[in-house]
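The values are calculated or read from the model by the stated rules, or taken from the named source; none is laboratory data. In this text, all values refer to a predicted model and were calculated from it rather than measured experimentally. Cβ placement follows ideal geometry from the backbone for every residue including glycine, while neighbour counts extend to all protein chains displayed.
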Amino acid sequence: MIEMTEDGSKTEKKVFGISWNVFVLGLVSFLNDMSSEMINPVIPKYLTDVLGTGELLSGTLMGAIESLSSLFKVAFGYFSDRFKKRKAFIFAGYALSTFAKGALAFTRHWWDFLSLRVLDRVGKGIRTAPRDALIAESSEKGKTGKSFGFHRMMDTLGAVAGPLVGIGLLHLMRGIEIGRAYRYLFLSAAVPGLLSLLIIVFLVKDRGREVKKKITGVSALKSRSLRLFLLVIAVGALGRYSYAFTLWKAGELGYSLKGEMAFYALFNLMYALAAYPIGVYSDRVGKKTLITAGFLISALASLAFAYARGLGTLILAFVLYGIYIAIEDTVPRAYMADLAKDFEKGTVIGAYHTVFGVFVFPASVIAGWLWQSYSLTYSFLYAAFMNLLAFVLMILIRDHR
């Protein structure tokens, strides 16, 4: 939404100090993540208890689901740069995901479940880089961390609300056979997704016409320092396990499905509380510093999960995990947006997501194999080692700023 200043120049309307587009996209992400997180906490048990998958297959499926979306992000980031139509890609991505979540109600086998989860991730792959590029284009210069922090905060507040709504719905359906209750929950999750689509259609504004179309200068992707940064991201991604492993850990310690969902809500609450201040702080102290700290926090979270035997250590593990994900989901996006030229923001941000996604898949396969062959403790110890390695490498690489 554009307003006119006294001198006749254009300025974008702000809400709580955030540009209109960033604010509205935050609402979209709130609703979409509420939709996703109504069902995500039950998916690990749905796989093992209803569809009957084993440890290795479950870990592989969760890794494939999280990885596949990233393979599409650089392509659709490039297309949104090329055509300067971020909104169309954002709408298509969210629409595809909304359909896929509701259709989970009709799955009967792991392969039809996987196909719909992949379709959901394809939707995420279509929308993420164009959406992040639009957030960057709608941000004040030097305030990308603040914008991405606000967006991730709103996204994760939805992720806090989602499990709580899911717990409430499961409580209302407590007399229904659990397999049927899961399916009703999947259908219910489509409702906030549909609301987010209406907001995109009527309130999100494209900024593509204001972005310089002529390619000038050298692409940031040709920078040696950026390539080294992406290499470290790949190492860190090899230590990034699916959230499902944290819930399987809670289940291993004897907590019920509702208990697991409560832990998941705690994780998302920490994420939501941390994301915005982390984004603002990264604009002040430098994004590389916080990205580096994130790997260390992830290693500590993994060690806490590995050795958790009681409630206190498990809570600490979920708190640290939430802070790490708040850093990892916020700061690298803003960092890449700062490095990219105007003509390539979608492409460069998409390149980060793609590198991360490619290496997340083998990470969950390895974690699943260690779980099946030894125990969950070894899965988390492996993750701790890879994050410590990324932490050391991040210290060694040259700062781009």
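I'm trying to understand the selection: among the residues of the range 103-119, which are under 17 Å from Phe361 (Cα atoms) and in contact (Cβ under 8 Å) with a residue 40 or more places away in the chain? Answer for the range 103-119, where residues must be under 17 Å from Phe361 (Cα atoms) and in contact (Cβ under 8 Å) with a residue 40 or more places away in the chain: Leu114, Arg117, Val118. Within the range 144-187, being out of contact with any helix residue (DSSP H, G or I) (no Cβ under 6 Å at 6 or more places or on another chain), part of a helix (DSSP H, G or I) and among the β-branched types (Val, Ile, Thr) holds for one residue alone: Ile178. Considering only residues that are surrounded by fewer than 23 Cβ atoms within 10 Å (Cβ to Cβ), aromatic (Phe, Trp, Tyr) and either touching a helix residue (DSSP H, G or I) at 6+ places or on another chain (Cβ under 8 Å) or at pLDDT below 90 (or both), which ones fall in the range 365-376? Scanning the range 365-376 gives a single hit, Trp369. State whether one or more residues within the range 345-364 are over 19 Å from the mean Cα position of the chain (by Cα) and either closer than 19 Å to Arg127 by Cβ or at pLDDT 90 or above (or both). No, because not a single residue in the range 345-364 is over 19 Å from the mean Cα position of the chain (by Cα) and either closer than 19 Å to Arg127 by Cβ or at pLDDT 90 or above (or both).
Consider Leu134 carefully, then state whether it is of a type in the set (A, V, I, L, M, F, W, C) and under 21 Å from Lys205 (Cβ atoms). For Leu134, the condition - of a type in the set (A, V, I, L, M, F, W, C) and under 21 Å from Lys205 (Cβ atoms) - is met.
Okay, residues lined up against (1) more than 23 Å from Thr354 (Cβ to Cβ); (2) surrounded by fewer than 23 Cβ atoms within 10 Å (Cβ to Cβ); (3) in contact with a Cys (Cβ under 7 Å, 6 or more places away or on another chain):
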| residue | (1), (2), (3) |
| --- | --- |
| Leu96 | no, yes, no |
| Phe106 | yes, yes, no |
| Arg127 | no, no, no |
| Gly145 | no, no, no |
| His151 | no, no, no |
| Pro163 | yes, no, no |
| Ile176 | yes, yes, no |
| Ser188 | yes, yes, no |
| Leu194 | yes, yes, no |
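Given (1) crowded, with 23+ Cβ neighbours inside 10 Å; (2) farther than 22 Å from Glu140 by Cβ, where does Arg309 come up short, assuming only one miss? Of (1) crowded, with 23+ Cβ neighbours inside 10 Å; (2) farther than 22 Å from Glu140 by Cβ, only one is false for Arg309: (1). Scanning the range 318-339 for residues that are more than 17 Å from Val22 (Cβ to Cβ) and among the acidic types (Asp, Glu) returns a single hit, Glu328.
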